[in-house]
Amino acid sequence: MHQLARSGLAVAAVGALGAAFAAGVSFGSAGPTGDDRRPPIDGSELRLVNADLRPAASCDELLRWYVDHGVERVTPYGWDYLRVYTMAGSVADSPEAAQPAEATSSDTGTNVQEAGVDEPDVVKTDGSLLVRVVDDSSLVVYDVTGAEPVKLGSLPLEGMFSPELLLVGDRVVVIGRDPGAAPGRVAPGTRVLVVDVADPSAPTVVRESAYDSTLVTARQHGDVVRLVVSTGLPDLDFAQPGFFRREGTALEKNQGVVRSSTIDDWLPHVTTTDSDGTEREELVGCDDVAIPSSDAGLGTVAVVGFDVHDPATTDTTAVTTPSETVYVSAEHLYLASSAYRSGWQVCCWDVPQTEPQTVSDDGTTYLYGFDLDGTATTYAASGQVDGSIANRWSLDEHDGVLRVAVGPTMRTGSFSSIVTLSQVGSDLVEAGRVDRLGVGEEIKSVRWFDDLAVVVTFRQTDPFYAIDLSDPFDPELLGELKIPGFSSYLHPIDGDLMIGMGSAADPVTGVTSGAKASLYDISDLTAPREVDTVSYPAGSTAQAGLDPRQFTWLPDRRTALTVISQGFGGVTGYVSVLRVGDEGVTNELVEVEYGVEVADVRIVPLPDGRVVLVTGDAVSFFDL
């Protein structure tokens, strides 16, 4: 989540923070204004056509596109998985600005990236009911209004793994991966259940949908849920070289197999089950699929929108790209088909960890923006930037400007950059940039605010950069701080303070030693300070750096609750209670869980001020 009261940053008087960072408030100000050198931000009606993206004219044309790209990707042994990106299993004179305020959890208890945009999690609450996933096999409903949580009912979750939840009124949307849903695909499919919990003692499935595409992510805007699914390469009947078949012969045969494929092999499908029975159909028609002009890779990403109270009616659009990164704001959705990283492989909790995703290998990241209106997702604009995007936290939108943090590739220098892009017609055009952030280092975390970006990079020490974005056409690096270790997750709290969760490290070798919490003061953006730290035992990990949903800020108590794990073979999980006072930060570690279930520990705030602790075996109130 992020948000700032819109105003400029005074360079001369930068002691008053020129960009407040708060959560839960929508943007309401106009876009940037300026001189003739600045292209306008177009607010006209959007079209599914421009130089970079066009709708398929027919199924025959779309099939030719898939076949031509597929022939390039096939080898004597089948699909070329060596050409994929793999991921493991996130101021001159100007008016004085407002002071920052804290980022807090969503209404359903999840620490999210954007205010008003909820994200799936293994636990959700409306303040009275709490729903959670237990052992990946059942949905359980609790009453949390009394002195102790009380179990009310449950529903078995069959045929899915790693299920997560969205809670919309008296309906729960369960989203999980399902290998059985994707016959003829290399990667597993996705199963979605819409469950009615109006009677919490008897949760009832209203509609079940099985997609033969892999879940990338899902988001909720009010009553509308959007799924982003990626259809990987079809599982075709390829030959293999052998004693009687040379590689050249096998390659020729496999290219023929690709040429003989049908549009049905490539397009995504959905099978739905409700009171009227079961039906299988194409998820999108050929004319709903857009083709990029740039060679961003082989695959199909579809965005499916539906109202949870009318799940049978869906709006779907698709792009022939294997984008593995999705950023969703209150009004727009962006797909990023990112280039190979240069030097590092970045892992993130919110990207698919099944089939490796095909990406561009030319050092360029391709961006596709969509307008959100009700259940509809309509193409808005596209563009590209040189460099790679680590994850969705590297993108942000404010006042019609897309801001992107990119790392090095073959098309850049050995540094990271902040790039701003404005919409001109149906194109995303570079407006401004700041380069040479963290020379020879990688981006570890990014946090965006209305007029400010905070970027952490790392190799041996942690450069903490503050970048003024009040003029998106002339962004400026204001200040930096170098300290041992790095923060892999940043969370704004009250005043001019941020908490960073990450790792301590040797300042000479860069070798990490254990988890670390940092309290940053950015009241003077030209000279950010680390005012206090908490060091955790050797071999410990700050789980918030892997999954931001394991961080909770309680503003009334000025307390952060976050999960710390320790150990490798045998893992112990703790809740770290970080209390922020005038003198700094104090820490208390509370042992709560063990083993693989540490990753599913959640600390969920309730509107009445109480906090629910959810572990693998129990739901209880956390004693503060």
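The values are calculated or read from the model by the stated rules, or taken from the named source; none is laboratory data. All figures in this text were calculated on a predicted structure; none of them were measured in a lab. Virtual Cβ from ideal backbone geometry, glycine too; neighbours counted across all protein chains shown.
Taking residues in segment 433-453 that are surrounded by 21 or more Cβ atoms within 10 Å (Cβ to Cβ), and partners anywhere that are assigned to a loop (DSSP other than H, G, I, E, B) and acidic (Asp, Glu), the pairs with Cβ atoms closer than 9 Å and at least 6 places apart or on different chains are ASP450/ASP399; ASP451/ASP471. Residues in segment 80-108 that are surrounded by 17 or more Cβ atoms within 10 Å (Cβ to Cβ) and closer than 17 Å to ASP223 by Cα were compared, and the one that is modelled with the lowest pLDDT is SER106. Tallying residues that are closer than 21 Å to PRO156 by Cβ and within 13 Å of the chain's Cα centre (by Cα) within segment 107-141 yields 2. When THR533, THR559, THR552 are checked against the criterion of being farther than 20 Å from GLY485 by Cβ, surrounded by fewer than 23 Cβ atoms within 10 Å (Cβ to Cβ) and not basic (Lys, Arg), THR559 stands alone in meeting it. Among the residues of segment 468-488, those that are closer than 16 Å to VAL439 by Cα and modelled with pLDDT of 85 or more comprise LEU477, GLY479, GLU480, LEU481.
On the stretch given as segment 237-261, residues that are within 21 Å of ARG185 (Cα to Cα) and surrounded by fewer than 12 Cβ atoms within 10 Å (Cβ to Cβ) total 2.
Scanning segment 177-191 for residues that are surrounded by fewer than 24 Cβ atoms within 10 Å (Cβ to Cβ) and not in a loop (DSSP other than H, G, I, E, B) yields ARG177, ASP178, PRO179, GLY180, ARG185.
Please work out which residue is modelled with the highest pLDDT, limiting yourself to segment 141-191 and to residues that are farther than 25 Å from HIS309 by Cβ, of a type in the set (Lys, Arg) and in contact with a Pro (Cβ under 9 Å, 6 or more places away or on another chain). Within segment 141-191, the match that is modelled with the highest pLDDT is ARG177. Within segment 594-608, the residues that satisfy the criterion of being buried (at least 23 other Cβ atoms within 10 Å of the Cβ) and assigned to a helix (DSSP H, G or I) are VAL598, ASP600. Among strands (runs of 3 or more DSSP E) entirely within segment 473-534, having at least 2 residues that are farther than 30 Å from ALA431 by Cα singles out 476-484, 497-505, 512-521. When segment 232-288 is filtered for residues that are at pLDDT 90 or above and of a type in the set (Ser, Thr, Tyr), the ones remaining, listed by number, are THR249, SER260, SER261, THR262, THR271, THR272. Is there any pair linking a residue in segment 122-149 that is of a type in the set (Asp, Glu) to one that is modelled with pLDDT of 95 or more, with Cβ under 6 Å and at least six apart or on different chains, and which? If the second residue must be modelled with pLDDT of 95 or more, the pairs left are ASP143/VAL150; ASP143/LEU152.
Consider segment 570-593 and keep the residues that are assigned to a loop (DSSP other than H, G, I, E, B) and not hydrophobic (A, V, I, L, M, F, W, C). The one that is nearest to SER105 (Cα to Cα) is ASP582. Note on segment 454-490: among residues that are within 15 Å of SER416 (Cβ to Cβ) and of a type in the set (A, V, I, L, M), the one that is surrounded by the most Cβ atoms within 10 Å (Cβ to Cβ) is VAL456.
The criterion of at least 3 residues that are within 15 Å of SER487 (Cβ to Cβ) and of a type outside the set (Phe, Trp, Tyr) is met, among strands (runs of 3 or more DSSP E) falling completely within segment 416-468, by 442-449, 452-458, 461-468. Does SER414 fit the bill of being surrounded by fewer than 24 Cβ atoms within 10 Å (Cβ to Cβ) and in contact with a Gly (Cβ under 7 Å, 6 or more places away or on another chain)? Taking the combined requirement at face value, the residue satisfies it.
Based on what the data block shows, is SER487 within 15 Å of PRO528 (Cβ to Cβ) and of a type in the set (Ser, Thr, Tyr)? For SER487, the condition - within 15 Å of PRO528 (Cβ to Cβ) and of a type in the set (Ser, Thr, Tyr) - is met. Please determine, by comparing only the residues of segment 197-215 that are more than 10 Å from ALA181 (Cβ to Cβ) and among the small types (Gly, Ala, Ser), which one is surrounded by the most Cβ atoms within 10 Å (Cβ to Cβ). That would be ALA202.
A residue that is within 26 Å of PHE370 (Cβ to Cβ), among the hydrophobic types (A, V, I, L, M, F, W, C) and in contact with a Phe, Trp or Tyr (Cβ under 8 Å, 6 or more places away or on another chain) can be found somewhere in segment 190-212. Which condition number does ASP223 fail, the rest of (1) over 30 Å from TYR334 (Cβ atoms); (2) touching a strand residue (DSSP E or B) at 6+ places or on another chain (Cβ under 8 Å); (3) among the acidic types (Asp, Glu) being met? Result: ASP223 fails condition (1) only. Checking THR300, THR321 one by one, the residue that is at pLDDT below 90 and within 19 Å of the chain's Cα centre (by Cα) is THR321 and no other.
Selection of segment 373-411 for residues being surrounded by fewer than 24 Cβ atoms within 10 Å (Cβ to Cβ), among the acidic types (Asp, Glu) and not in a loop (DSSP other than H, G, I, E, B) yields ASP373, ASP386, GLU397. Does VAL328 satisfy the criteria of being of a type outside the set (Gly, Ala, Ser), at pLDDT 50 or above, more than 24 Å from VAL174 (Cα to Cα) and in contact with a strand residue (DSSP E or B) (Cβ under 7 Å, 6 or more places away or on another chain)? When the stated conditions are applied, VAL328 does not pass them.
Residues in segment 110-143 that are on the phi > 0 side of the Ramachandran plot and buried (at least 22 other Cβ atoms within 10 Å of the Cβ): 0 in all.
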